[in-house]
Amino acid sequence: MAHELFDAFTQLFSMDPDVVNALRTSFSVSLSAILIAGIIAFPLGLLFGLAEFRGRRFIDIILNTLLFLPTVVVGLLGYMLLTRDGPLGQYHLLFTPAAIVFGQVILALPIILTMVSNSIRASDPRIIPTALSLGVGKLRAYIVLLGEIRGLILLTLLAAFARVISEIGASTMLGGNILGKTRTITTSISVLASQGETSKALALGVVLLFLVFAINIAVYAATHRSKT
Amino acid sequence: MLITAVFLQTTLCSLASAQSSTGGASSPVSIKLVTCINDSGLLDRILPEFTSETGIQVDVISAGTGRALELAKAGDVDVVLVHDPDLERQFIADGYGLARYYVAQNEYAIVGPVDDPAHIASASNVMDAFRAIMDSESTFISRGDNSAINIRELEIWGELDATPSGSWYIQSGSPTLGAMLTMTNEMEAYTLTDTGTFRSMEDNLDIVILYPESSPSGESMLLNIYSIVSLNPDLHPDLRQDEVDALIEWITGPEGQNRISDFQMNGHVLYTVNPDGYADASTQAIGN
């Protein structure tokens, strides 16, 4: 087994173009999804974290429930929306990387929303009044607030990224697992495993973890530098 | 939520336009082919040649025959390559498909553990072999997923007038035939496979072909024919008809057919090409 795994790694690092493509697809798709989900969820999470209104707890519970959305359900819903006769069928996104992004945005939204709003509620309530009293505008005050909780925000983005880059249900159903186009790391692993290529499949899993490990080091370094 | 919807809408628009702009003159046109032949590696090997000759990229999506035809009905793909003649004819009769063309063939076979506890190797036909598995209650894995292999398996039980049930009969729902063979191997069970996919991954498996003893057996119940089916453009106006016709012409023409019969994996020829006797559209000209 160890020997086979070693062989699998040497094969991987001779940089099989299919592996490189899968890595590229996985990272570009998941980073785009986090970017889009972030742009949608940050303002909403900020609003939701600061506002006091009736029914907020109910929305909390709904959002927490959505954290448990099975990825295949997202795949299924995404398929129903993106299929040619579906409501978004006119854009011809099904079986393209954009379709995977679509599914992963749905997966990432509740994570970012809940974590941002909870971080804001847990933050010091004096931050905004203080900022306003110093004469900055309202928008600036919000940015100051987000700056104060930037460590938690990075953690939020990491959690969302972890959820989407490791998922396979939505990627398979929406992307179609097309070699060189929508085949991601996780769908490659599943193809290899189903063909009995266990060592290669495992090696690919290790590569994914290794890259994510590198990202974590970078994030750690960034947060710790900014604190000193 | 409305804001989200509007935002998604705009984002999707820009994504879609980004996609179509990258699909301009410089990069190749692509068509979507949904197929269940994919696990053997045949298409990965032969389609790049088609692409380099014609500039048409073929995006291959794997799905069992049942799901493949559903995707085609919904208009989510441009062309289908499957292996269940009855379903294909029904698909055309229902108006979803235009015509079906012969691509390749191999045989179904029963694979299982080398020691063959049900003694199917000496069976006189595939029905006998199935009966031996049932009578000895040897573990048999069914795909239970409306794939062509699953349908053929049920037809064989039907010929026997038998309804397999009991703890020996496992309905796995494996997503691909490859996954199914790996599972069969792990459980030292029997299953029905096509010889091509099995040969392509034989090196990773301990199970062997037990019935028929030598292939091709010529048994009609084991014949496995792959056809490419064109879709009705009236139902899907944005179908890439010209590119689909080019693909069908190539894969059913001498070039494609030679490549298919030359294709080998682990020293085995996986598919043979013999369209004689293929009824339907084999003689119909393409692109008329």
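The values are calculated or read from the model by the stated rules, or taken from the named source; none is laboratory data. Just so you know, these numbers come straight off a predicted model, no measurement behind them. So basically every Cβ, Gly included, is an ideal-geometry build from the backbone, and we count neighbours across all protein chains shown.
Miscellaneous remarks
- Scanning segment A:48-63 turns up at least one residue that is closer than 30 Å to A:T25 by Cβ, modelled with pLDDT of 90 or more and part of a helix (DSSP H, G or I).
- The number of residues in segment B:70-82 that are out of contact with any Lys or Arg (no Cβ under 7 Å at 6 or more places or on another chain) and within 14 Å of chain A (Cβ to nearest Cβ) comes to 6.
- If the condition is being polar (S, T, N, Q) and surrounded by fewer than 16 Cβ atoms within 10 Å (Cβ to Cβ), then segment A:49-79 contributes A:N64, A:T65.
- Annotation note: of B:D145, B:D59, B:D86, B:D78, the sole residue that is under 26 Å from B:A189 (Cβ atoms) and charged (D, E, K, R) is B:D145.
- Close Cβ contacts (under 9 Å, 6 or more residues apart or on different chains) running from residues in segment A:178-201 that are farther than 21 Å from B:I207 by Cβ and facing chain B (nearest Cβ under 10 Å) to residues that are outside any helix (DSSP H, G or I) and basic (K, R) comprise A:I178/B:K32.
- Exclusive hit being over 21 Å from B:H83 (Cα atoms), of a type in the set (D, E), in the same structural domain as B:S62 (by TED's automatic domain parsing) and surrounded by 15 or more Cβ atoms within 10 Å (Cβ to Cβ), set B:E243, B:E249, B:E202: B:E243
- Being more than 10 Å from chain A (Cβ to nearest Cβ), modelled with pLDDT under 95 and assigned to a helix (DSSP H, G or I) is a condition met by at least one residue of segment B:16-34.
- Criterion violated by A:V136 - all others in (1) in a helix (DSSP H, G or I); (2) over 28 Å from B:T176 (Cα atoms) satisfied: (1)
- In the set (1) loosely packed, with under 15 Cβ neighbours inside 10 Å; (2) over 17 Å from the mean Cα position of the chain (by Cα); (3) more than 9 Å from chain B (Cβ to nearest Cβ); (4) assigned to a helix (DSSP H, G or I), A:Q90 fails one condition alone, (3).
- Residues in segment B:36-69 that are in a loop (DSSP other than H, G, I, E, B) and touching a residue at least 40 places away in the same chain (Cβ under 8 Å) were compared, and the one that is nearest to the other protein chains (Cβ to nearest Cβ) is B:G41.
- Test: A:V101 is over 17 Å from A:T182 (Cα atoms) and either at pLDDT 95 or above or of a type in the set (K, R) (or both): no
- For A:F6: the one exception among (1) more than 30 Å from A:R140 (Cβ to Cβ); (2) in contact with a Lys or Arg (Cβ under 7 Å, 6 or more places away or on another chain): (2)
- Scope segment A:106-150; condition surrounded by 24 or more Cβ atoms within 10 Å (Cβ to Cβ) and over 18 Å from A:A41 (Cα atoms); matching residues: none
- Residue match in segment B:174-185 (condition: more than 14 Å from chain A (Cβ to nearest Cβ) and not hydrophobic (A, V, I, L, M, F, W, C)): no
- The residue of segment A:22-65 that is farthest from A:F95 (Cα to Cα), among those that are within 14 Å of chain B (Cβ to nearest Cβ), over 13 Å from the mean Cα position of the chain (by Cα) and not hydrophobic (A, V, I, L, M, F, W, C), is A:G55.
- Qualifying residue in segment A:113-121 (condition: charged (D, E, K, R), more than 29 Å from B:A72 (Cα to Cα) and either within 12 Å of chain B (Cβ to nearest Cβ) or out of contact with any Leu (no Cβ under 6 Å at 6 or more places or on another chain) (or both)): yes
- Annotation note: of A:L31, A:L35, the sole residue that is surrounded by fewer than 18 Cβ atoms within 10 Å (Cβ to Cβ) and free of Cβ contacts under 8 Å to residues at least 12 places away in the same chain is A:L35.
- In segment B:146-173, the qualifying residues are those that are of a type in the set (D, E) and under 21 Å from the mean Cα position of the chain (by Cα), and the one that is farthest from the other protein chains (Cβ to nearest Cβ) is B:E155.
- Of all residues in segment A:94-105, those satisfying the criterion of being surrounded by 24 or more Cβ atoms within 10 Å (Cβ to Cβ) and touching a residue at least 24 places away in the same chain (Cβ under 8 Å) are A:L94, A:F95, A:T96, A:A99, A:I100, A:V101, A:F102, A:G103, A:Q104, A:V105.
- If you check A:L82, A:L77 for being within 14 Å of chain B (Cβ to nearest Cβ), over 19 Å from the mean Cα position of the chain (by Cα) and farther than 26 Å from A:L145 by Cα, only one passes: A:L82.
- Residue within segment B:163-178 that is assigned to a helix (DSSP H, G or I) and without any contact (Cβ under 8 Å) to a residue 60 or more places away in the chain present: no
- For segment A:7-27, the condition of being in contact with a Ser or Thr (Cβ under 6 Å, 6 or more places away or on another chain), at pLDDT 90 or above, surrounded by 14 or more Cβ atoms within 10 Å (Cβ to Cβ) and not hydroxyl-bearing (S, T, Y) holds for at least one residue.
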